[in-house]
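S.K.: A single structure is presented below for examination.
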Amino acid sequence: AASRLSVPAGADFVATSGGPLPCHRVIVVDDDPVVRRQMTLLLSSLGVRQVVALEGAEIALAEIARGGGEHDLLITDLNMPGTDGIEFLRRLAENGYRGCLVLASGVEDMILQTAADLARAKGLSLRGTLKKPATGDALLQLLKASCKKSMIQVPSSDGIKPSPADILEGIHRDEFDLHFQPKVDAATLRVVGVEALARWRHNGKLVSPDAFISTAEQHNLIGELSQLLLTKALLGGAHLSKAGFPLFIAVNLSANWLTDIQLPEFVFATLQATGFPADRLILEITETGVMADITTALDVLTRLRLKGFKLSIDDFGVGYSSMEQLQRLPFNELKLDRSFVHGASEKPVSRAILASSIEMARKLNLSTVAEGVEKQADLDLLRGLGCDLVQGWLVAKAMPLEELLEWLQTRGSL
Ligand code: C2E
Ligand code: CA
Ligand code: CA
């Protein structure tokens, strides 16, 4: 059977055996040849039909690109010469890797845990972590968790992977809408604003943005979709104001759109058309996006600020943040990513990241928002650290406009 498989250049082993698991293949990335050999033998003995063991991230990226990645289970070491494990995770996310992922390492639990949080935050389908040296039992567990179900399907919210044509049709049928999630003062829980989050009513289901935003971005549909969503967000904001709730409206801005030099004018025109005040609009931009084309982005961002909008750095801590870049970019707010917020009261590493991020924000005069607050203990921690605003299921989930109005009314004054 091995002869039917194409052996990638640089692979140490391509093992085959006719086991019962429906795994298409498992890719092991480790710079240590002994680990590669051991893992390959173990995996083959557990019934994995195809194991590819590779010595580094670059060669693995090429191999994944060749096969499309969807049916792969990738087990990677974190500590490698050249492109290290963290850099590898970033590149995988950038390349839209859709297979499963397991992090293996001999390093301390804490580092492994932080890397795992990072992988999840980047949207990779992480199936677990593996301490080296791996035992047969651990690998078997891992295969059970990874191969049976998710190896074959695309890991999107409800298994839906819409095509660009579906999205276009959805736009024309007006199937896209927004849910709003309250942002509240950490100390008093007073509602300060709401974040508008995209939703798609598609074939009787509510599809979450993770399943369609990246497709829309890749196929040049994000401009059209964003214009529509921005208009709806501002109409919603104007409606809330009329109902007696003059809240800030935060809108997520796709990084792709930031390179559109017309963007500030478009946003301004939409504000004028909807009557929503410029100084109550917050544009949330993910760090990673900003850094891609820094000159155009800087131009656009500065003009957005000149028009009076507030700018927020989204998913802070996940991308490449450097003091220098933060100082150059005209932001008002820093949003701490939920991968660091959730469970931070029990995770010393997350707590340290939160503390230093909040401290840095204070020095740069940025207000801080923690997203994904689900537990009272995490809220207490954030209050103690001096975080300004919080957002999360502990307070409220994102909801349709009418529901939000009811929620605001039953809550009483702002
Ligand atoms: P994000 O900007 O980081 O938004 C926060 C996400 O966390 C939302 O997911 C929200 O529903 C979820 N969330 C809020 N509180 C909690 C909590 O306590 N626990 C947990 N587990 N999750 C919580 P959602 O709505 O699925 O959005 C996912 C991402 O899609 C957003 O991440 C944002 O990057 C993107 N997105 C959403 N709407 C738009 C949009 O209109 N345009 C663009 N370009 N991107 C959007
Ligand atoms: Ca956001
Ligand atoms: Ca986030």
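The values are calculated or read from the model by the stated rules, or taken from the named source; none is laboratory data. The shown structure was predicted, so the numbers you read here are calculated from the model rather than taken from an experiment. Backbone-built Cβ (ideal geometry, glycine too); neighbour counts: all protein chains shown. With ligands, DNA and RNA removed, areas are computed over all heavy atoms of the protein, side chains included. Shrake-Rupley method; radii C 1.70, N 1.55, O 1.52, S 1.80 Å.
S.K.: Count charges around residue 394 for me, please; just the other residues with Cβ under 9 Å from its Cβ, Lys/Arg as +1, Asp/Glu as -1. Walk me through the numbers on the way to the answer.
M.R.: Working: positive: 375; negative: 374, 378.
Net of charged neighbours comes to -1.
S.K.: Next question. State whether the range 186-234 is rounded, prolate or oblate according to the following rule on the C-alpha gyration tensor (a ≥ b ≥ c being the square roots of its eigenvalues): a/c under 1.5 gives rounded; otherwise a/b larger than b/c gives prolate, and the remaining case gives oblate.
M.R.: On the way: a/c = 2.42, a/b = 1.83, b/c = 1.32.
Cα axes put the range 186-234 in the prolate bin.
S.K.: From the residues 45, 196, 114, which one has its Cα farthest along the dipole of the chain in the positive direction, the dipole being from +1 and -1 charges on Cβ of Lys/Arg and Asp/Glu about the Cα centre?
M.R.: About the Cα centre, the residue reaching furthest to the positive side is 45.
S.K.: Further question on the same structure: Using Cα pairs closer than 8 Å and at least 6 residues apart in sequence, work out the relative contact order for the range 20-62, in percent.
M.R.: Here the relative contact order equals 50 percent.
S.K.: Next question. So what's the net charge close to residue 263: Lys and Arg +1, Asp and Glu -1, counting the other residues with Cβ under 12 Å from its Cβ?
M.R.: -1
S.K.: Taking the full set of protein chains and a 1.4 angstrom probe, give the accessible area of residue 161 in square angstrom, rounded to the nearest 10.
M.R.: Residue 161 has an accessible surface of roughly 90 Å² with all protein chains in place.
S.K.: Another question about this same structure. Just add up the charged neighbours of residue 110: K/R +1, D/E -1, any other residue whose Cβ is under 11 Å from the Cβ of residue 110.
M.R.: Once positives and negatives cancel, what remains is -2.
S.K.: Here is a follow-up. In debye, nearest 20, what is the charge dipole magnitude of the chain about its Cα centre with +1 on Lys and Arg Cβ and -1 on Asp and Glu Cβ, if you could check?
M.R.: Dipole size: approximately 640 debye.
S.K.: Let me ask something else about it. Could you work out which residue, out of 108, 70, 359, moves most in a Gaussian network model of the chain, that is, has the largest mean-square fluctuation with Cα springs under 10 Å?
M.R.: For the chain, modelled as a Gaussian network with Cα springs under 10 Å, the answer is 108.
S.K.: Be a star and scan the range 163-192 for residues whose amide nitrogen sits under 13 Å from the point 7 Å along the Cα-to-Cβ vector of residue 239.
M.R.: 177-180
S.K.: Something else: Amide H of residue 284 versus every other amide H placed in the peptide plane: which residues, excluding those fewer than 5 positions away on the same chain, fall under 5 Å?
M.R.: Answer set, sorted by chain and number: 251, 252, 253, 312.
S.K.: Calculate, for residue 120 and residue 219, the FRET efficiency according to 1/(1 + (r/R0)^6) with r their C-beta to C-beta distance and R0 22 Å; round to the nearest 0.05. Walk me through the intermediate numbers first.
M.R.: Working: r = 26 Å, r/R0 = 1.17.
After rounding to 0.05, the efficiency reads 0.30.
S.K.: Any chance you could run the full-extension gain for residue 66 through residue 107? It's 0.36 nm times the residue separation minus the Cα-Cα distance, nm to one decimal.
M.R.: Extra length available between residue 66 and residue 107 comes to 11.7 nm.
S.K.: If a helix is a whole DSSP H run, which ones in the chain reach 27 Å or further along their own axis (Cα) and hold a mean Kyte-Doolittle hydropathy of at least -0.5?
M.R.: Going by DSSP H runs, the hits are 222-242.
S.K.: For a protection proxy built on the mean count of beta-carbon atoms within 10 angstrom, sort 62-68, 193-199 highest first, please.
M.R.: 193-199, 62-68
S.K.: Would you work out if the range 68-147 is rounded, prolate or oblate? Take a ≥ b ≥ c from the square roots of the eigenvalues of the alpha-carbon gyration tensor; rounded if a/c is under 1.5, else prolate when a/b is larger than b/c, oblate otherwise.
M.R.: Working: a/c = 1.68, a/b = 1.10, b/c = 1.52.
Here the range 68-147 falls in the oblate category.
S.K.: Please list, in chain and number order, the residues 5+ apart from residue 399 or on another chain whose amide H is under 5 Å from its amide H, with Hs placed from the backbone.
M.R.: 180, 181
S.K.: Grab the eigenvalues of the alpha-carbon gyration tensor for the chain, scale each by 5, take roots, and send me the semi-axes largest first in whole angstrom.
M.R.: 41, 24, 20
S.K.: Accessible area of residue 174, 1.4 Å probe, to the nearest 10 Å²?
M.R.: 80 Å²
S.K.: Ignoring ligands, DNA and RNA, how do 120, 49, 36 rank by accessible area with a 1.4 Å probe, largest first?
M.R.: Largest to smallest exposure gives the sequence 120, 49, 36.
S.K.: Moving on to the next point. If contacts are Cα pairs under 8 angstrom and at least 6 residues apart, what is the relative contact order of the chain in percent?
M.R.: Dividing the mean separation by the residue count of the chain yields 11 percent.
S.K.: Moving to a separate point now. Name the shape class, rounded, prolate or oblate, that the alpha-carbon gyration tensor gives for the range 156-227, where a ≥ b ≥ c are the square roots of its eigenvalues, rounded holds for a/c under 1.5, and otherwise prolate holds if a/b is larger than b/c and oblate otherwise.
M.R.: prolate
S.K.: Additional query: State log₁₀ I(q)/I(0) for the range 25-159 at q = 0.15, 0.19 Å⁻¹ as given by the Debye formula over alpha-carbon point scatterers of equal weight, solvent excluded.
M.R.: -0.63, -1.09
S.K.: OK, next. Could you list, in their original order, any pairs among 144/183; 205/242; 232/335; 122/347 whose Cα atoms are separated by more than 28 Å?
M.R.: 144/183; 205/242, as the Cα separations exceed 28 Å there.
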